[in-house]
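Below you'll find the structure, written out as C-alpha cells, and then a few comments.
The values are calculated or read from the model by the stated rules, or taken from the named source; none is laboratory data. Because the structure is predicted, anything quoted here is derived from the model rather than measured. Here the Cβ is made from the backbone with ideal geometry for all residues, glycine too, and neighbour counts use every protein chain on show. Note: areas computed on protein heavy atoms with side chains; ligands, DNA, RNA excluded. Shrake-Rupley method; radii C 1.70, N 1.55, O 1.52, S 1.80 Å.
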Amino acid sequence: MENTKVVVLWLAFCVSLVISTLGNPAVAPPAQPCLAPLQWEGRIVEYDHSTGRNSRASMSYDGQNQRIRILEQKKGHVPCKKYFEYIYLYQSGIMFQIEQVTKLCSKLALTQAWDPFDIPLNSTYEDQYFIGGPGDMIEVQEWSDRKPARQHEAWVGVYTVKDCYPVQETYTRNSSVTTSTRFFDLALGISDPSVFTPPSTCQSANPDKMRSNC
C-alpha cells in the first residue's frame with residue numbers, strides 16, 4: 001500500500017512538471033526563429049526616441065525583390081507640412097521621394113544595405129508571451145541580437161508565433177538614434193505591384209532630398 005502511494009505521488013509530480021513546462025515557453029526555447037513572410041502590406045507607426053515623434057504610414061513590403069514602399073499618412077492639418085511617398089529599391093541602390101500633392105520627385109542613392117523584416121538565424125531568443133487579455137490574446141516571441149560579450153541589444157524584434165508576422169522592432173543605430181516600429185493590419189501578399197514603380201515625374205528627379213516643412 002505504501003509503495004502504491006509513492007507511485008501515485010511520483011506520477012502526479014511528473015504530470016505537474018509536464019504541464020508546467022508546456023505553460024512556460026522559456027523552459028524550452030525554440031531551436032531556431034520562425035520564417036517571416038516575404039511579401040505583405042499593412043500599416044506602421046515609427047517612434048523616434050530622440051524627438052518623441054510618431055510617424056504613421058502604410059507600407060508595402062517585398063522581401064523577395066528587396067523593395068519597400070512607404071506612404072505617409074496625414075493626421076490632421078499641420079500648416080506647411082508636406083507628406084511623401086518613399087520607394088526603396090535596394091537591388092538598384094536607389095530611393096525615390098515623391099511629394100504626395102505636387103508629385104515632385106527626388107532620386108537619392110541608398111547608403112544602407114538591405115535589412116529585411118525577419119528574425120536572423122543567429123538571433124537570441126528572449127521570451128514568449130501573449131499580447132492582450134482573455135479572449136483576444138495573440139502569442140508572440142521576442143528575439144534580439146544580444147550576445148554574451150555585449151551588454152545591450154541593438155535590435156529587438158517581436159513576431160507572432162502563428163504566422164511570424166512582425167509586431168514591433170526596436171533599433172538602436174548609435175547612442176543617440178533609437179526607433180521603434182509597430183506593425184498592424186497586415187495582409188499577406190502585394191495587391192498592386194505597381195506601387196514600386198515611381199511616377200513619370202521621377203524621370204526628371206531632383207538629386208536633393210526634400211524637406212517636410214516650409
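Side notes on the structure shown:
- Exposed-site-free run, longest, the chain (rule: trypsin sites (Lys or Arg not before Pro); DSSP loop; at most 13 other C-beta within 10 Å): 1-73
- Helix 2-23 axis, angle to the chain major axis (alpha carbon atoms, nearest 10°): 0
- Shown is the FRET efficiency for I131 and Q203, computed with R0 = 35 Å from the Cβ-Cβ distance and rounded to the nearest 0.05: 0.20.
- Stretch in the chain that is longest and holds no chymotrypsin sites (Phe, Trp or Tyr not before Pro) that DSSP places in a loop and that have at most 16 other beta carbons within 10 Å: 115-214
- L38 paired with H77, simple spin-label distance in nm, labels 7 Å along Cα-to-beta-carbon: 4.6
- The number of Lys pairs in the chain with C-alpha atoms less than 13 Å apart, excluding pairs fewer than 8 positions apart on the same chain, is 4.
- Dipole of the chain, positive end: most advanced residue of P134, V101, S176 [Cβ charges, Cα centre]: V101
- Rolling a 1.4 Å probe over the protein heavy atoms gives the stretch 22-153 an accessible area of 61 Å² per residue.
- Within the chain: Cβ-based charge dipole about Cα centre, in debye rounded to nearest 20 (Lys, Arg +1; Asp, Glu -1): 780
- When +1 charges are put on Lys and Arg Cβ atoms and -1 charges on Asp and Glu Cβ atoms, the dipole computed for the stretch 100-214 relative to its Cα centre reaches about 680 debye.
- Farthest positive-ward along the chain dipole, Cα basis, beta-carbon charges - from H49, C34, G157: H49
- In terms of its C-alpha gyration tensor, the chain has a prolate overall shape, because the principal axis ratio a/c (a ≥ b ≥ c, square roots of the eigenvalues) is not below 1.5 and a/b outweighs b/c.
- Solvent-accessible area of the chain (1.4 angstrom probe, protein heavy atoms only): carbon and sulfur portion equals 55 percent.
- The relative contact order of the chain, computed from alpha carbon pairs under 8 Å that lie at least 6 residues apart in sequence, is 23 percent.
- Distance between the 7 Å Cα→Cβ label points at L110 and S92: 1.1 nm.
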